[in-house]
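Below is one structure, written out as structure tokens; the observations come after it.
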Amino acid sequence: MKQINSKNIFLSLACLGFIIILGAGIYEQINIHSKWITAPPRSLYMFQGSQGIDISVFWKIIHPIVLLFFILALITNWRTTKRKSILIALSGYIVILICTAIYFVPELIKLTAYPYSNTVLPDLQRRASLWSDLNIARAVIIFLLSLNLLLNAVKTENKIS
């Protein structure tokens with residue numbers, strides 16, 4: 001039976017956190033993004049007004065927690081063969097967070113802050129569609145990073161010198 005220790009716990013928490021991020025991203029894409037990108041600014045009402053949704057709260061909480069779990073998993077697994085898969089997933093995650101900070105969040109804020117109108121603006125619709133397509137690509141990358149991390153997490157641990 002596999003021994004439960006801090007290496008396994010932190011790696012499991014990093015995997016779980018990454019899967020939560022992936023699941024939340026897929027949920028948003030299916031239930032939120034697929035709706036507002038269809039006819040902006042007419043379809044932006046869900047983000048506006050006192051009852052508008054604010055998807056940023058979840059992301060501001062989850063990302064620092066998952067980063068912490070990744071760092072702890074990396075530290076505790078540094079002398080194991082799992083280090084490489086943790087480094088790959090963490091590096092990819094950091095690149096994704098940088099892209100998110102540079103493009104995804106600012107563009108989403110610009111798009112969703114556009115004043116409501118009962119019309120559809122083709123340029124806004126094109127930008128929203130591009131944002132959505134890139135968001136799907138980002139989710140695919142997170143899925144691949146998660147899969148690599150999970151497959152290596154379940155392998156038998158070998159120490160390296």
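The values are calculated or read from the model by the stated rules, or taken from the named source; none is laboratory data. Quick caveat: nothing in here was measured; it's all calculated off a predicted structure. Methodologically, a virtual Cβ is constructed for each residue, glycine included, from the backbone with ideal geometry; neighbour enumeration extends over all protein chains shown. With ligands, DNA and RNA removed, areas are computed over all heavy atoms of the protein, side chains included. Shrake-Rupley method; radii C 1.70, N 1.55, O 1.52, S 1.80 Å.
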* Which condition number does Leu68 fail, the rest of (1) buried (at least 17 other Cβ atoms within 10 Å of the Cβ); (2) among the hydrophobic types (A, V, I, L, M, F, W, C); (3) over 13 Å from the mean Cα position of the chain (by Cα) being met? -> (1)
* Asked: Considering Arg83, Arg42, which residue is closer than 21 Å to Ile142 by Cβ and either at pLDDT 95 or above or not polar (S, T, N, Q) (or both)?
  -> Arg83
* To do: Go through the range 75-93 and count every residue that is open to solvent by 40 Å² or more (accessible area, probe 1.4 Å), more than 12 Å from Leu11 (Cα to Cα) and not aliphatic (A, V, I, L, M).
  => 4
* Asked: Has the range 94-110 got at least one residue that is open to solvent by less than 80 Å² (accessible area, probe 1.4 Å), touching a residue at least 40 places away in the same chain (Cβ under 8 Å), of a type outside the set (A, V, I, L, M, F, W, C) and touching a helix residue (DSSP H, G or I) at 6+ places or on another chain (Cβ under 9 Å)?
  -> no
* Does the range 27-50 contain any residue that is within 30 Å of Lys82 (Cα to Cα) and out of contact with any His (no Cβ under 8 Å at 6 or more places or on another chain)? -> yes
* Structure fact -> For the range 59-79, pairs from a residue that is more than 15 Å from Ile21 (Cβ to Cβ) to a residue that is among the hydroxyl-bearing types (Ser, Thr, Tyr) and part of a helix (DSSP H, G or I), with Cβ under 7 Å and 6 or more apart or across chains, are Thr76/Ser6
* **Residue in the range 37-52 that is over 30 Å from Ser117 (Cβ atoms), exposed (fewer than 12 other Cβ atoms within 10 Å of the Cβ) and free of Cβ contacts under 8 Å to residues at least 24 places away in the same chain present** => no
* Which listed residue is assigned to a helix (DSSP H, G or I), over 20 Å from Asn31 (Cβ atoms) and either touching a residue at least 12 places away in the same chain (Cβ under 8 Å) or touching a Lys or Arg at 6+ places or on another chain (Cβ under 7 Å) (or both), from Ser132, Ser91, Ser146 -> Ser146
* Asked: Counting just the residues of the range 111-126 that are over 30 Å from Ile19 (Cβ atoms) and part of a helix (DSSP H, G or I), which one comes out most open to solvent (accessible area, probe 1.4 Å)?
  -> Arg126
